[in-house]
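Asker: This is the structure I have questions about; it appears just below.
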Amino acid sequence: MKKITFLAGLCFFSLNALFAQDLKSPDGELFLHFELSDSQTPTYTLSYKGQPVIKPSKLGFKLKPGIAFDRHFKVTDIRYDESDTTWEPVLGENSQIRDHHKEMLVKLVQDKTNWKLNIRFRLFDDGLGLRYEFPVQEELRQFVLEEERTEFCLNGDHKAFWLPGDYDTNEYPITTSKLSEVASLIDEVRKEGLAAKSPTPNLAVQTPLMMKSADGIYLNIHEAALDNYPAMALNLDDKQFVLSAHLTPDKNGDKGYIQTETVSPWRTLVLSDDARDILASNLILNLNEPCKIEDTSWIKPMKYVGVWWEYFTGGGSTWAYTDYHDIHIEKTDYSQLKPNGHHGANTQHVKEYIDFAAKHGFDAVLVEGWNEGWEDNWAYHKDHIYSFTKAYPDFDVKGLQQYAADKGVKIIMHHETTSSVIDYERQLHDAFRFMVDNGYNAVKTGYVGPIIPRSEYHDGQWMVNHYNYVAKTAADYKLMVNSHEAVRPTGMCRTYPNWIAQESARGTEFESFNGNRPDHTTILPFTRLMGGPMDYTPGIFEGDLSVYGSNQAKLSTTLVKQLALYVTMYSPLQMAADLIQNYEKYPDAFQFIKDVAADWDNSYILEAEPGDYITIARKAKGKNEWYIGGITDENAREAVIDLSFLPQGKKYQATIYTDGKHADWHTNPKSYVISTKKVTHKTILKQKLAPSGGVAISIKEI
């Protein structure tokens, strides 16, 4: 429910001659200046605490074919507004979010063409949002974008945490370097990506882009409310340190098909001289539209286990029921084919996970590989790959539905499309009805590989519309969606809170390829998670995969750091990702995963430095329980944990999970110690973290 606490009136100006205007944030620390340049190009500058952070930067578009829609403008009106509201997310890091901003709407018209363009600026205490609005007009009804001209002209060679530009994947290791060093590193970084890639030009980087200036200003560039528009990467001029919009094209090279009476996504800049403010920011959520689902009572946080990690360990389990590859979904009778003996999603095995979930209080079990078609799942050239309503012969849909229901457990559906998107949309309503009829309330969607048969890019306008369509359609069936290999999120979970989580970065599965570094999860909250929750799938206790067979990969964290990730990597969808037997070996450490919440009343960012360390405390929603997670990179450190967020006048019991004295992510990852301590709001804990280690704490009122 939205509570309006303050709303100022609108101010109107007739400004045929006036072309420069200013806007301040509510606290006065951010100052935006707008004006038209000598060529009548819209430009803006931004300063923070009196220091410039964005130098004069251009705005506008280039339309097809080669039409300049970024100059020869005049201002017709400027409108000012201020809003201070509080709203309640369905799921979130905080049960209430304040949206306090000042706004300036600049109305422009282009000479000669008489085409109109509006630019809306919003200044919050922690940053800027700007977007383009295309008003209804007789002279311009629809157009094709050749490129967006939005610029972020930086004031120096900032330290950056970046991914190389790519139209199809975000699954790269995050590189830390100066902006001036990107060109020399980008080819090497591309080689580390394991997915099929469609790169943007060599000096392009993805958003969210996290940076830190030499004078200690943290800046994060991303976008909000991405809908009916291509995702934005950033071209980099590494001599002048200018970042400019680079939109993902379609298969014809066009950047977007736009009609008037629509808007662009917001271009966002979150900034502060304290890294903790970046993680605490709600700017991107605030720039998205309010929830469009009237009844949200069915949208719940979920903790789950699943038939998943065994496919990555090298232990022999497979998604496919048979090794027979010449499969035709429409006519193949799987009951006549010989099973391979390694199919993980079989009825008996799934029952084991249901029993485990019920015993330990988990909400659900994810089952991958349940449905027909996995034998040819790498055949991207095929238009029709999977059935989303037909199970393999050894997966008893009805029997498992009843078995799980009797134990109070849900089964999470899995829809891997291998990017055969038209076929998925063709089956979508049947698939969702099948889920409803069989008691499923959540689906994990997957988009591995190039889009077929259209050859579109994962981050293009066409696919953005597909992801949004799936979330909207799922809401009609009261289903929650967890999308993998989709475009990185932009806060749309506010508008469609049934879009409960996404992957869109390197998650735990890359640990099985030796693909994540110790600093990886100290950066992700500053980059990928700025747009929304991530299904990171933590909780791996057995980090040496050689115990299962030929896989020689080793986890890049200690066991305790895996516990801490449940707090530092926010998501209302949290998986205990390891195999059952590994949790049974370490029941005392497993207790933290069982206890930790997935939905929160309040979050407190206690310590943070991108790439180095993060410590976060959160209060469980509706409970007097608090959970703390602290993590570090490859360097050992001491976390200083101030418990002043606890209510005064009461005593609490803290259960502290720490790295052992000689713990080390590389040599001794499973060494841990569990202790208890009485604490109050005056307590300050100083805790040593092993190299790539962590600390996890649960606090309950005595």
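Asker: Please compute the alpha carbon radius of gyration of the stretch 335-414, then divide it by the globular-protein estimate 2.2 N^0.38 Å. Two decimals is fine.
Answerer: Cα Rg divided by the expected 2.2 N^0.38 Å: 1.19.
Asker: In square nanometres and to one decimal, what's the mean projected area of the convex hull around the Cα atoms of the stretch 563-629?
Answerer: 5.1
Asker: Okay, moving on. Pull up all non-local amide H partners of ARG637: gap of 5 or more, or a different chain, and H-to-H distance under 5 Å with H placed in the peptide plane.
Answerer: LEU689
Asker: How big is the stretch 145-195 along each principal axis, measuring the range of its Cα positions in Å and listing the largest first?
Answerer: Taking the Cα atoms of the stretch 145-195, the three principal extents are 32, 30, 15 Å.
Asker: Give the calculated FRET efficiency between ASP323 and TYR586 to the nearest 0.05, with a Förster radius of 35 Å applied to their Cβ-Cβ distance.
Answerer: Efficiency computed from Cβ-Cβ geometry: 0.50.
Asker: Per residue of the stretch 410-416, what does 6.51 cos²θ - 1.76 cosθ + 1.60 with θ = phi - 60° give for ³J(HN,Hα)? Whole Hz please, x for Gly and Pro, Karplus curve as stated.
Answerer: Whole-Hz 3J(HN,Hα) from phi for the stretch 410-416: 9, 10, 8, 6, 10, 10, 8.
Asker: Could I ask something else about it? Can you tell me the orientation of helix 559-568 relative to the chain, as the angle in degrees between its alpha-carbon axis and the longest Cα principal axis, to the nearest 10?
Answerer: So the helix axis and the longest Cα principal axis differ by about 40 degrees.
Asker: In whole percent, how big is the carbon plus sulfur part of the accessible area of the stretch 231-347, probe 1.4 Å, protein atoms only?
Answerer: 47
Asker: Determine the distance separating the Cα centre of the stretch 102-126 from the Cα centre of the stretch 202-230; give it in Å without decimals.
Answerer: Measuring centre to centre over Cα atoms gives 21 Å.
Asker: A follow-up question, please. Out of (i) 314; (ii) 157; (iii) 273, which label holds the value of volume of the Cα convex hull per residue in Å³ that was computed here?
Answerer: Of the listed options (i) 314; (ii) 157; (iii) 273, (ii) comes from this structure.
Asker: A further question on this structure: Rounded to a whole number, what is D in µm²/s for the stretch 45-144 from Stokes-Einstein with the Kirkwood radius over alpha-carbon pairs (37 °C, 0.692 mPa s)?
Answerer: Translational diffusion coefficient: 204 µm²/s.
Asker: Same structure, new question: Carbon and sulfur together cover what percent of the accessible area of the stretch 412-543 at a 1.4 Å probe radius?
Answerer: Exposed carbon and sulfur together represent 50 percent of the surface.
Asker: Follow-up. Keeping every protein chain present and rolling a 1.4 Å probe, give me the accessible area per residue for the chain in Å².
Answerer: Ligands and nucleic acids excluded, the figure is 37 Å² per residue.
Asker: Follow-up question, since we're still on this one. Quick one: how many lysine pairs in the stretch 298-392 have C-alpha atoms under 21 angstrom apart, if they're 8 or more apart or on different chains?
Answerer: 9
Asker: On a 0 to 90° scale, report how tilted helix 421-437 is relative to the longest principal axis of the chain, with both axes built from alpha carbons and the result rounded to the nearest 10.
Answerer: Approximately 60 degrees, to the nearest 10.
Asker: If you don't mind, another one. Choose one of ALA617, ASN482, ILE78: the residue whose Cα lies farthest towards the positive end of the charge dipole of the chain (beta-carbon charges +1 Lys, Arg; -1 Asp, Glu; about the Cα centre).
Answerer: Towards the positive end, the residue furthest out is ALA617.
Asker: For the stretch 543-702, taking Cα atoms only, what is the radius of gyration to one decimal and the Dmax to the nearest whole Å?
Answerer: When restricted to the Cα atoms of the stretch 543-702, Rg and Dmax are 15.4, 56 Å.
Asker: Give the angle, between 0 and 90 degrees and rounded to the nearest 10, that separates the Cα long axis of helix 397-406 from the longest principal axis of the Cα atoms of the chain.
Answerer: With rounding to tens, the tilt is 90 degrees.
Asker: Return one quarter of the surface area of the convex hull spanned by the alpha-carbon atoms of the stretch 503-608, equal to its mean projected area, in nm².
Answerer: Convex hull of Cα atoms, orientation-averaged projection: 6.9 nm².
Asker: Right, next: Can you tell me what percent of all Cα-Cα pairs in the stretch 429-568 are more than 25 Å apart?
Answerer: Percentage above 25 Å: 38.
Asker: Sticking with this structure for a sec: Mind checking the dipole of the stretch 464-605: about its Cα centre, +1 per Lys or Arg Cβ, -1 per Asp or Glu Cβ, Debye to the nearest 20?
Answerer: About 400 debye.
Asker: Return the equivalent ellipsoid semi-axes of the stretch 198-350 as a descending list in whole Å, where each equals the square root of 5 times an eigenvalue of the C-alpha gyration tensor.
Answerer: Taking √(5λ) for each eigenvalue gives 43, 23, 21 Å, largest first.
Asker: In Å, the Kirkwood hydrodynamic radius of the stretch 85-231 over pairs of distinct alpha carbons?
Answerer: Here the Kirkwood hydrodynamic radius works out to 18.6 Å.
Asker: Shifting gears a bit: First obtain the Kirkwood hydrodynamic radius of the stretch 51-105 from its Cα pairs, then insert it into the Stokes-Einstein equation at 20 °C and 1.002 mPa s, and state the resulting D in µm² per second as a whole number.
Answerer: 137
Asker: Which entries of LYS24/LYS686; LYS24/LYS107; LYS407/LYS444; LYS212/LYS255; LYS410/LYS688 show an alpha-carbon separation above 28 angstrom in the structure shown?
Answerer: Result: LYS24/LYS686; LYS212/LYS255; LYS410/LYS688 exceed 28 Å.
Asker: Whole angstrom only: what separates the Cα centroid of the stretch 552-621 from the Cα centroid of the stretch 623-702?
Answerer: Here the two parts' Cα centres lie 12 Å apart.
Asker: Please list, by residue number, every one of the GluC sites (Glu not before Pro) in the stretch 110-154 that is coil in DSSP and has at most 11 other beta-carbon atoms within 10 Å.
Answerer: GLU138, GLU139
Asker: Collect residues whose amide H, placed 1.01 Å from N in the peptide plane, falls under 5 Å from the amide H of ASP664; neighbours closer than 5 in sequence don't count.
Answerer: SER671
Asker: Next question, about the same structure. Tell me the Kirkwood radius of the stretch 647-687: reciprocal of the mean inverse pair distance over distinct alpha-carbon atoms, in Å.
Answerer: Radius from the Kirkwood sum: 11.9 Å.
Asker: Can you give the helix-only mean residue ellipticity at 222 nm for the chain, where every DSSP H stretch with n ≥ 4 adds -39500 (n - 2.57) and the sum goes over all residues, rounded to the nearest 500 deg cm²/dmol?
Answerer: Calculated at 222 nm, the ellipticity per residue is -4500 deg cm²/dmol.
Asker: Just name one of THR557, ILE605, PRO65: the one whose Cα is farthest towards the positive end of the charge dipole of the chain (beta-carbon charges, Lys/Arg +1, Asp/Glu -1).
Answerer: With unit charges placed on the Cβ atoms, the residue in question is ILE605.
Asker: So what are the radius of gyration and Dmax for the Cα set of the stretch 379-472, in Å?
Answerer: Expressed in Å, the Cα Rg and Dmax of the stretch 379-472 come to 14.6, 45.
Asker: Given charges of +1 on the Cβ of Lys and Arg and -1 on the Cβ of Asp and Glu, with all other atoms neutral, how large is the dipole of the chain about its Cα centre, in debye to the nearest 20?
Answerer: Magnitude of the dipole: close to 1480 debye.
Asker: Quick one: Debye curve from the alpha-carbon atoms of the stretch 189-252 only, equal weights, vacuum; give me log10 I(q)/I(0) at q = 0.12, 0.22, 0.26, 0.30 Å⁻¹ to two decimals.
Answerer: Here log10 of I(q) over I(0) equals -0.39, -1.12, -1.29, -1.35.
Asker: Could you give me the ³J(HN,Hα) list for the stretch 357-368, computed from phi with Karplus coefficients 6.51, -1.76, 1.60 and θ = phi - 60°, whole Hz, x at Gly and Pro?
Answerer: These are the phi-based 3J(HN,Hα) values: 4, 5, 5, 10, x, 8, 7, 7, 10, 7, 10, 9 Hz.
Asker: Pop out the ³J(HN,Hα) list for the stretch 490-497 in order, Karplus 6.51 cos²θ - 1.76 cosθ + 1.60 with θ = phi - 60°, rounded to Hz; leave Gly and Pro as x.
Answerer: Using θ = phi - 60°, the values come out as 9, x, 5, 5, 5, 6, 10, x Hz.
Asker: Sticking with this structure for a sec: At a Cα cut-off below 19 Å, give the lysines reachable from LYS554, other chains included and same-chain residues fewer than 8 away excluded.
Answerer: LYS585, LYS670
Asker: Relative to the Cα centre, what is the charge dipole magnitude of the stretch 206-326, using +1 at the beta carbon of each Lys and Arg, -1 at the beta carbon of each Asp and Glu, and rounding to the nearest 20 debye?
Answerer: Using only the charged Cβ atoms, the result is roughly 180 debye.
Asker: Moving to a separate point now. For ILE411, enumerate residues with amide H under 5 Å from its amide H, sequence gap 5+ or separate chain, H modeled in the peptide plane.
Answerer: Distant-sequence amide H within range of ILE411: VAL365, ASN441.
Asker: Sticking with this one: Which one of LEU685, ASN288, SER184 is farthest out on the positive end of the charge dipole of the chain, using unit charges on Cβ (Lys, Arg +1; Asp, Glu -1) and the Cα centre as origin?
Answerer: Among LEU685, ASN288, SER184, the one farthest towards the positive end of the dipole of the chain is LEU685.
Asker: Under a crude label model (7 Å from the Cα following the beta-carbon direction), how far is GLN240 from GLU425 in nanometres?
Answerer: Calculated label separation equals 3.9 nm.
The values are calculated or read from the model by the stated rules, or taken from the named source; none is laboratory data. Note that the coordinates shown come from a computational prediction; the quantities given were computed from them, not determined experimentally. So basically every Cβ, Gly included, is an ideal-geometry build from the backbone, and we count neighbours across all protein chains shown. Please note that ligands, DNA and RNA were not included when accessible areas were found on the heavy atoms of the full protein model with its side chains. Shrake-Rupley method; radii C 1.70, N 1.55, O 1.52, S 1.80 Å.
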